[in-house]
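Novice: Here's a structure for you.
The values are calculated or read from the model by the stated rules, or taken from the named source; none is laboratory data. Just so you know, these numbers come straight off a predicted model, no measurement behind them. Every residue, glycine among them, receives a Cβ derived from its backbone with ideal geometry; neighbour counts consider all protein chains shown. These accessible areas exclude ligands, DNA and RNA; they are computed on the full protein's heavy atoms, side chains included. Shrake-Rupley method; radii C 1.70, N 1.55, O 1.52, S 1.80 Å.
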Amino acid sequence: MNIFRLVGDLSHLLAIIILLLKIWKTRSCAGISGKSQILFAVVYTTRYLDLLTTYVSAYNTVMKFVFIVASYATVYLMYVKFRATYDHNHDTFRIEFLLVPCFILSLLINHEFTVLEVMWTFSIYLESVAILPQLFLVSKTGEAESITSHYLFALGSYRALYLLNWVYRYMAEDHYELIAIVSGVVQTVLYCDFFYLYITKVLKGKKLQLPA
């Protein structure tokens, strides 16, 4: 554990809290991609299978449990409780085009060909592109509410901070995880345009608008 990982975890947790509060308080999931939320639920489920076999610490266990439960709670709110507010017409990204390649890649490039390791690797690959349906939805509608923008910024910041965590670990511990680093770079790059617009528009009180 180091400051970059801790703040990254807190940023990740903040993103989830922002999203759940947005949906619950407005009683609406408008502007949120259900496809991305399904992908995140798959990511956390496959990554944290080690909850059944390995104990690291109370912090580690609680955080993993929270991410899994929160991801399924979000999917439930979107597809069951507030399904009437879900934008099916614009949330049309074909997630099988992400799931299948990521799974095949995890079978081909991994550290060890075991179920837990392949599923962990699959979750890393999938997380790097899981936000694409959300960014596609924002681009398609042409704008995003401020609260949705805050959610995306917190989520993107989490991954950027984790990259700093890997840099720190390499310098301090001579340890690195190439699969996680490369995937983290890909994920952060996907957020670059959004980060720029967030800083130049949303923080100045303007509504985030993207070209459709």
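Novice: Filter region 80-136 for residues that are in a helix (DSSP H, G or I) and acidic (Asp, Glu); which is farthest from Glu177 (Cα to Cα)? Working first, answer last.
Specialist: As a first pass, look at region 80-136 and keep what is in a helix (DSSP H, G or I): 80-81, 83-85, 96-108, 115-129, 132-136.
Checking which are acidic (Asp, Glu) leaves us with 96, 117, 127.
Values: Glu96: 27, Glu117: 13, Glu127: 15 Å.
Only one residue tops the list, namely Glu96.
Novice: Out of the residues in region 1-28 meeting the condition of being hydroxyl-bearing (Ser, Thr, Tyr) and over 23 Å from Ala160 (Cβ atoms), tell me which one is least open to solvent (accessible area, probe 1.4 Å). Spell out how you get there, then give the answer.
Specialist: Here is the first cut: in region 1-28, the ones hydroxyl-bearing (Ser, Thr, Tyr) are 11, 26, 28.
With the extra rule that they be over 23 Å from Ala160 (Cβ atoms), the set shrinks to 26, 28.
On the way: Thr26: 76, Ser28: 23 Å².
Ranking the candidates gives Ser28 first.
Novice: OK, next. May I ask you to list the residues in region 29-56 that are in a loop (DSSP other than H, G, I, E, B) and either at positive phi or surrounded by 15 or more Cβ atoms within 10 Å (Cβ to Cβ) (or both)?
Specialist: From region 29-56, those in a loop (DSSP other than H, G, I, E, B) are 29-33, 53-56; that's our starting set.
Residues satisfying the conditions are Cys29, Ala30, Gly31, Ile32, Ser33.
Novice: Can you list residue pairs whose Cβ atoms sit under 8 Å apart, with the first residue in region 1-15 being in contact (Cβ under 8 Å) with a residue 12 or more places away in the chain and the second being open to solvent by less than 80 Å² (accessible area, probe 1.4 Å) and among the basic types (Lys, Arg)? Count only pairs 6 or more apart in sequence or on different chains.
Specialist: Taking only residues 6 or more apart or on different chains, the pairs are Asn2/Arg169; Gly8/Arg159.
Novice: Moving on to the next point. For Ser149, state whether it is open to solvent by less than 20 Å² (accessible area, probe 1.4 Å) and modelled with pLDDT under 85.
Specialist: Judged against the criteria, Ser149 is a match.
Novice: May I ask you to say which residue of Thr74, Thr114 is open to solvent by less than 50 Å² (accessible area, probe 1.4 Å) and without any contact (Cβ under 8 Å) to a residue 60 or more places away in the chain? So that I can check it myself, show each step before the final result.
Specialist: Working: Thr114 fails: open to solvent by less than 50 Å² (accessible area, probe 1.4 Å).
Matching residue, one of Thr74, Thr114: Thr74.
Novice: Quick check on region 152-168: of everything there that is in contact with a Phe, Trp or Tyr (Cβ under 7 Å, 6 or more places away or on another chain) and either open to solvent by 40 Å² or more (accessible area, probe 1.4 Å) or not aromatic (Phe, Trp, Tyr) (or both), which residue is farthest from Leu20 (Cα to Cα)?
Specialist: Result: Tyr168.
Novice: Same structure, new question: Among the residues of region 137-172, which ones are farther than 17 Å from His12 by Cα, assigned to a helix (DSSP H, G or I) and not hydroxyl-bearing (Ser, Thr, Tyr)?
Specialist: Of all residues in region 137-172, those farther than 17 Å from His12 by Cα come to 137-146, 167-172.
Cutting the leftovers down to assigned to a helix (DSSP H, G or I) gives us 137-141, 146, 167-172.
Listed by number, the residues that qualify are Leu137, Val138, Lys140, Val167, Arg169, Met171, Ala172.
Novice: How about region 169-193: which of its residues are open to solvent by less than 30 Å² (accessible area, probe 1.4 Å) and more than 13 Å from the chain's Cα centre (by Cα)? Break it down stepwise before answering.
Specialist: Going through region 169-193, the residues open to solvent by less than 30 Å² (accessible area, probe 1.4 Å) turn out to be 179-180, 183-184, 187-188, 191.
Once the filter is applied, which keeps residues that are open to solvent by less than 30 Å² (accessible area, probe 1.4 Å) and more than 13 Å from the chain's Cα centre (by Cα), region 169-193 yields Ile179, Ala180.
Novice: Still on this structure: Could you run through region 1-28 and say how many residues are polar (S, T, N, Q) and either part of a helix (DSSP H, G or I) or within 17 Å of Leu132 (Cα to Cα) (or both)? Before the answer, list the steps.
Specialist: Step one: of region 1-28, the residues polar (S, T, N, Q) are 2, 11, 26, 28.
Right, trim to either part of a helix (DSSP H, G or I) or within 17 Å of Leu132 (Cα to Cα) (or both) and you get 11, 26.
Final tally of qualifying residues: 2.
Novice: List every residue pair whose Cβ atoms lie under 6 Å apart, where the two residues are 6 or more positions apart in sequence or sit on different chains, the first residue falls within region 18-33 and is under 16 Å from Ala70 (Cα atoms), and the second residue, located anywhere, is of a type in the set (S, T, N, Q) and surrounded by 15 or more Cβ atoms within 10 Å (Cβ to Cβ).
Specialist: Listed by first residue and then by second, the contacts come to Cys29/Thr85; Ser33/Gln134.
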